[in-house]
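A quick write-up on the structure given underneath.
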Amino acid sequence: MSLAILLAAFAGLLYGILSLVYKYADRIKARSAQFTFMLSLTAALVTVVKSFTEKSAWQQPLLWIAGAGMAVVIVIGIYVIMAANRLGPVYSSWTIVNVSFLFAIFLSAVVLGEVLLCVDPINLLLFGITLFFFVKGMRAGLGKRQHKETFMHLIALLGVFVTNGLTTFGSKLKYVFFGSANTSAFATVFYLISALITLILILVNRNRPFLTRDEIKAGALGGLCISTATILFLSAMALPAVAVFTITQGMSLTTGVALTTIIGKERLNFWMVAGLVSGAIVLVAVVFREQTSKWLCG
């Protein structure tokens, strides 16, 4: 087994652990701004250390402009994930996180002129089916509040899909703008700015206490997981992109669902299981979209 495969698998494992961190944050009722602040600050510290081992051009204005845009998306994305977790099981939002690069594919076609494949509309339809299953699963156990709760959960899941897809697209733009340079520097910039944004939100709202001990633990663990996983993921890109996505996203989805159901004690029903299976199918379909397109369309 090659080192790149191990790096990709370990990155997926850390992403899966991150889903459990979100579950812990939900259980302790961590405030979104405080959790995001600690996560971003910790991730910035990890990535800035890594940036000194790579080619980094801190003086480039585009690095800071692109980083600021990514920071806004990250802050909104974490807020939306936490909102989705308050409305439904963590594994549903985590499934959407892992298939959200489907949105990045369509955005790349619109913005960068990349060619869509004949299977992409099919994959989008499969994603819609996944959402349908999760909504049915939510409605099965909500009683009289089911319509309002289900609708809000659906909106939150769509928000997760869009914001995480934008994050993936931002990583793609990084390679368009900077090539192999500024990999960790870019991450450092957007994590630092997202920490600054959430710090301002905390100070403006005058929340007390400023940070609880549980929020510090949850945010720091989340930042350590996401930054280390991202570094390992990028280091595994010696493999073909399809292989890296398959290993990392597959491991992330599998371990995330397993951890939140076994350790997090989240309940499953028929429709939720169908949503998880459908989400896994979407993940595989998107990762192998080029091969499938050649087979179906020639």
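Read-outs throughout are calculated quantities, based only on the coordinates presented, and are distinct from any laboratory measurement. What you see is a predicted model, and the numbers here were worked out from it, not measured in a lab. Methodologically, a virtual Cβ is constructed for each residue, glycine included, from the backbone with ideal geometry; neighbour enumeration extends over all protein chains shown.
General remarks:
- With a Förster radius of 30 Å applied to the C-beta separation of Ala68 and Asn269, the computed FRET efficiency comes to 0.10.
- Segment Val176-Leu6, length gained on full extension (0.36 nm per residue, minus Cα span): 58.5 nm
- Net charge over other residues, Cβ less than 11 angstrom from the Cβ of Ala185 (K, R count +1; D, E count -1): +2
- Modelled FRET efficiency - R0 30 Å, Ile200 with Gln59, Cβ distances, 0.05 increments: 0.75
- Positive-pole candidate from Thr198, Ile231, Leu296, dipole of region 190-298, charges at beta carbon: Thr198
- Dipole magnitude for region 60-172: computed about the Cα centre from +1 point charges on Lys and Arg Cβ and -1 point charges on Asp and Glu Cβ, it is near 540 debye.
- Projecting the Cα atoms of Ile76, Asn207, Leu3 onto the dipole axis of the chain, where Lys and Arg carry +1 and Asp and Glu carry -1 at the beta carbon, places Asn207 farthest toward the positive end.
- Across every direction, the projection of the convex hull enclosing the Cα atoms of region 239-298 has a mean area of 4.9 nm².
- Loop sites in region 1-41: trypsin sites (Lys or Arg not before Pro), DSSP, at most 11 other Cβ within 10 Å: Lys29
- Long hydrophobic helices in the chain, taken as whole DSSP H segments with a C-alpha length of 24 Å or more on their own axis and mean Kyte-Doolittle hydropathy at least -1.0: 3-27, 32-51, 61-87, 120-139, 146-178, 183-205, 213-235, 241-262, 270-287.
- Principal axis extents of the C-alpha atoms in region 193-298 (largest first, rounded to whole Å): 60, 38, 22.
- Computed magnitude of the charge dipole of the chain (debye, nearest 20; Cβ of K, R +1, Cβ of D, E -1): 900
- Cross-link partners of Lys136 among lysines, defined as those whose alpha carbon lies under 30 angstrom from its own and excluding same-chain residues fewer than eight positions apart: Lys23, Lys29, Lys144, Lys148, Lys265.
- Along the chain, the longest continuous region that contains none of the chymotrypsin sites (Phe, Trp or Tyr not before Pro) in a DSSP loop with at most 11 other C-beta atoms within 10 Å is 59-298.
- Radius 15 Å from Cβ of Ser108, net charge of other residues (Lys, Arg +1; Asp, Glu -1): 0
- Of the labelled figures [x] 7, 27, 36, 23, 6, 1, 0; [y] 6, 26, 32, 22, 9, 3, 0; [z] 6, 24, 37, 23, 9, 2, 0, only one reflects P(r) over Cα pairs in 10 Å bins from 0, in percent as derived from the coordinates, namely [x].
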